[in-house]
Amino acid sequence: MKYLRYTTFIIILILTCIVSPSYAQKKFTVVIDAGHGGHDSGAVGRYSKEKNINLAVALSLGNKIEASYPEVKVVYTRDQDIFLTLQERADIANNNNADIFFCIHTNANKSSTAFGAETYTLGLHKSQSNLDVAMRENSVITLEEDYKARYQGFDPSAPDTYIMFEFMQDKYIDKSIELASAIQNQFVQTKRYDRGVRQAGFWVLAKSACPSVLVELGFISNRAEEDYLNTSEGRDEMANSIFRAFELYKREHDKKSGIKVSPLKKEDTPTPYKEVEKPVKTETSVLAAVSTKTDTTKEPKIRPETDKTIQTVTKPDEAKKTNEVVFKIQLFALEKKLRTNAPDFKGLKNADFYVENQLYKYTYGEESNFSEINKLRKSISKKFPNAYVIAFRNGEKISVKEALKK
């Protein structure tokens, strides 16, 4: 009799495992990491701290996912103002068998003109600006005791040690780039300035065993961006962009997994992500080749300037129509026109600008030969380390990759 009851129990258990989806399939898990926290403030602006911006956007993102996808498990590395090590953050993602790992951060730069949002995946940096961001975010480990032993001799301030990340691009890199590209495309839809998908050596990404991205929401060192990221509207827009990218990524994941996907309403359909272009083999490749910007000649809504502004300007609608490709160096972008002698140009003469996404984008130099413009870029790199090469044809902006083909 006991044997019969035991056999019956085993049969019921097996049938339950077959019928119940909860047994048959692991719950899709998203881990959201609000960067910094506790005694680690992260970057500091005029009146706000990075750690608080990161947490607000992370919680908003998690709430949006939970509200729309109750079947998805959302895990926060922190949901309050506490300090966590980089390894602890990665461990939380791994211990929860995360399917996606979002790291939310806010950028900073020595120049107050740096502007826009960018998303990183793990990889070896291809520009100094990418390395600078990774160094700053990794430097949190120096707040830990005996960090060199704990992090296997990794020194976040030594550029040579970052070569280790060249060998860490594993099976998750394609999915990570796919997700990062989707995020940047959604930022474009909210008129955020798109700084593109980039790669650099982030410890927290290297140690997470799943598709993972590190989002830099904007620059707290920029007065306008700090103000934007400290409004509920700005934070909600950023969280919503990341959420819509998640939504698109999740639906593609479900389709490939054989899970039935309900069609979205037309107004709820996320903008599809664009495939990241393979970087052109130049020093500006990461900055220029993965851009997802959309061109526009619409003038931004800017108050008229009463002082003398730059006169040597060629606006897109006034550009000379020729088939010649022209290369320029983009210095920075602002929401206003600058005087010809503005300190922002650091002594450079004959600066130019064009208008895109309601921003004045300031450029320097003009060459038909890429090698010449790249030499000029290198010559001003100490003054403008974030400057990169852009291209135009017939007065319209095109990718550098397309320009080089011509």
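Put simply, when 242-248, 336-342 are sorted by average Cβ atoms within 10 angstrom per residue, most first, you get 242-248, 336-342. The Ala209 and Arg46 beta-carbon pair, evaluated with R₀ = 35 Å, returns a calculated FRET efficiency of approximately 0.35. FRET efficiency for the pair Lys26 and Asp146, taken as 1/(1 + (r/R0)^6) with r the Cβ-Cβ distance and R0 = 41 Å, rounds to 0.70. Put a dot 7 Å past the Cα of Asp79, heading toward its Cβ, do the same for Ser139, and the two dots end up 3.2 nm apart.
For region 340-406, the alpha-carbon coordinates run over 36, 29, 18 Å along the three principal axes, in decreasing order. Take 382-390, 251-259 and order them by the average number of nearby Cβ atoms within 10 Å per residue, most first; the result is 382-390, 251-259. Ordering 395-403, 204-212 by mean Cβ neighbour count within 10 Å, with the highest value first, yields 204-212, 395-403. Within region 172-199, name every residue whose backbone N is under 19 Å away from a label modeled 7 Å from Cα of Ala67 along the Cβ vector. Zone members listed by number: 187, 190.
We did not get these values from a lab; they are worked out from the coordinates using the rules stated. Small disclaimer: the values here were computed from a predicted structure and weren't measured. Note that we place each Cβ from the backbone using ideal geometry, even for glycine, and neighbour counts take in every protein chain shown.
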